[in-house]
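**Q** Once you've had a glance at the structure underneath, I'll fire off some questions.
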């Protein structure tokens, strides 16, 4: 009788323990938090490659932008026209006493013998020459005039904002956007918490021409040398280099050194994880990026393993991103088992006492 009771209790103890483990194991693998990411995340980055869209432009907007820039490239450069402040040389062949080297006055004219003040501003070189020859015709038989531009001070652009040397700059017919940025000394810098950072925010910088903001991507033009965006600048263009706001990136979860880092573009996901000591051994295969704040967040799932084996491209972060590294499934199971052990030990103790009491 006693022996049968012991056998029944031993069998019951094994059955209860196995049932609890099965229940825990089933719960771990049927309702894992990581398994729910696929349903929770409406913005999956795994379609073709793990690259977050940073431009904020949809495909149709980008198509129209590219078409506009291509049309801009095909436009002919407007001819140079003399303007106030330009230094010109006027030579009257065979009549050197009429030669003049002077700057165009603020009212757009130059002074010459016989003619007094001659309006040249707004005219091309050929038009200015013809006007002078026509004026001299009553005084000189078949006058031949040559006009040469020595200095052009009227072909200027304005570069302002977060550049090292904002101001007014002379340009030539071959000056491009990246050249203009270099003329202004590139980005301004300043100290932030002991770190020297670039002030310029190229993503939000603009170029205004005749009251219209051109759809130029400063990052592509200046950082990548994209010829399509690195357009020729023109007289009176206004370039504004936006100033960056001190953003940060928060890295948390299964990471060696969770921290809040100063955002410095370009800021890649892999580089950021490395700077934080890399992920722990129990990390999930994917990293979650939370964007656009916590009030109305967008969540992206990034295949880190895919990036490391070359299947996906690296992801570039944006200011105020939150990078969350979840635990993998096995780690969650191990945590469950650790929590279960005290219960199993208690059950073992209880059944042992019952067995002893029966004896």
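**Q** When you go through 210, 203 one by one, which is the residue that is at pLDDT 85 or above and either assigned by TED's automatic domain parsing to the domain that holds residue 290 or more than 21 Å from residue 70 (Cβ to Cβ) (or both)? If you could, list the steps in order and put the result at the bottom.
**A** Values: 210 fails: either assigned by TED's automatic domain parsing to the domain that holds residue 290 or more than 21 Å from residue 70 (Cβ to Cβ) (or both).
When all the criteria are applied, what remains is 203.
**Q** Take residue 168 and decide whether it is under 15 Å from residue 236 (Cβ atoms) and either touching a strand residue (DSSP E or B) at 6+ places or on another chain (Cβ under 7 Å) or not in a strand (DSSP E or B) (or both). Talk me through it step by step, then tell me what you get.
**A** Details: under 15 Å from residue 236 (Cβ atoms): yes; either touching a strand residue (DSSP E or B) at 6+ places or on another chain (Cβ under 7 Å) or not in a strand (DSSP E or B) (or both): yes.
Yes; evaluated as a whole, the condition is true for this residue.
**Q** Here's a follow-up. Which of the residues spanning the range 205-221 are part of a strand (DSSP E or B) and surrounded by 13 or more Cβ atoms within 10 Å (Cβ to Cβ)? Full working, then the answer.
**A** Step one: filter the range 205-221 for residues part of a strand (DSSP E or B), giving 205-209, 212-214.
Result: 205, 206, 207, 208, 209, 214.
**Q** I would also like to ask the following. Residue by residue through the range 295-310, note down the ones that are over 17 Å from residue 284 (Cα atoms) and in contact (Cβ under 8 Å) with a residue 40 or more places away in the chain.
**A** Looking only at the range 295-310, we keep the residues that are over 17 Å from residue 284 (Cα atoms), and these are 295-298, 310.
Residue satisfying the conditions is 298 alone.
**Q** Scanning for something within 26 Å of residue 81 (Cβ to Cβ) and touching a residue at least 12 places away in the same chain (Cβ under 8 Å), does the range 186-203 turn up at least one residue? It would help to see each step written out before you state the result.
**A** Our first condition is that a residue be within 26 Å of residue 81 (Cβ to Cβ); within the range 186-203, this holds for none.
Looking through the range 186-203, none of the residues is within 26 Å of residue 81 (Cβ to Cβ) and touching a residue at least 12 places away in the same chain (Cβ under 8 Å).
**Q** What number of residues within the range 275-284 satisfy the criterion of being surrounded by fewer than 14 Cβ atoms within 10 Å (Cβ to Cβ) and at pLDDT below 90?
**A** Qualifying residue count for the region: 1.
**Q** Further question on the same structure: Being out of contact with any helix residue (DSSP H, G or I) (no Cβ under 8 Å at 6 or more places or on another chain) and on the phi < 0 side of the Ramachandran plot is the filter here, so list the residues in the range 108-123 that pass it.
**A** Taking the range 108-123 first, the residues out of contact with any helix residue (DSSP H, G or I) (no Cβ under 8 Å at 6 or more places or on another chain) are 108-111, 116-117, 121-122.
Listed by number, the residues that qualify are 109, 110, 111, 117, 121.
For (1) under 30 Å from residue 306 (Cα atoms); (2) out of contact with any strand residue (DSSP E or B) (no Cβ under 6 Å at 6 or more places or on another chain); (3) surrounded by 14 or more Cβ atoms within 10 Å (Cβ to Cβ), each residue gets a yes or a no:
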| residue | (1), (2), (3) |
| --- | --- |
| 187 | no, no, yes |
| 197 | no, yes, yes |
| 203 | yes, yes, yes |
| 223 | yes, yes, no |
| 240 | no, no, yes |
| 249 | yes, no, yes |
| 261 | yes, no, yes |
| 271 | yes, yes, no |
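**Q** Let me ask something else. Go through the range 228-250 and report how many residues are in a loop (DSSP other than H, G, I, E, B) and modelled with pLDDT of 90 or more. Walk me through how you get there before you give the answer.
**A** Within the range 228-250, the first condition is being in a loop (DSSP other than H, G, I, E, B), and the residues that meet it are 228-231, 233-237, 244-247.
Subsequent filtering for residues that are modelled with pLDDT of 90 or more retains 228-231, 233-237.
Selection size over the range 228-250: 9.
The values are calculated or read from the model by the stated rules, or taken from the named source; none is laboratory data. From a predicted model like this one, the values you see are computed outputs, not experimental measurements. Positions of Cβ are backbone-derived with ideal geometry, glycine not excepted, and every protein chain shown enters the neighbour counts.
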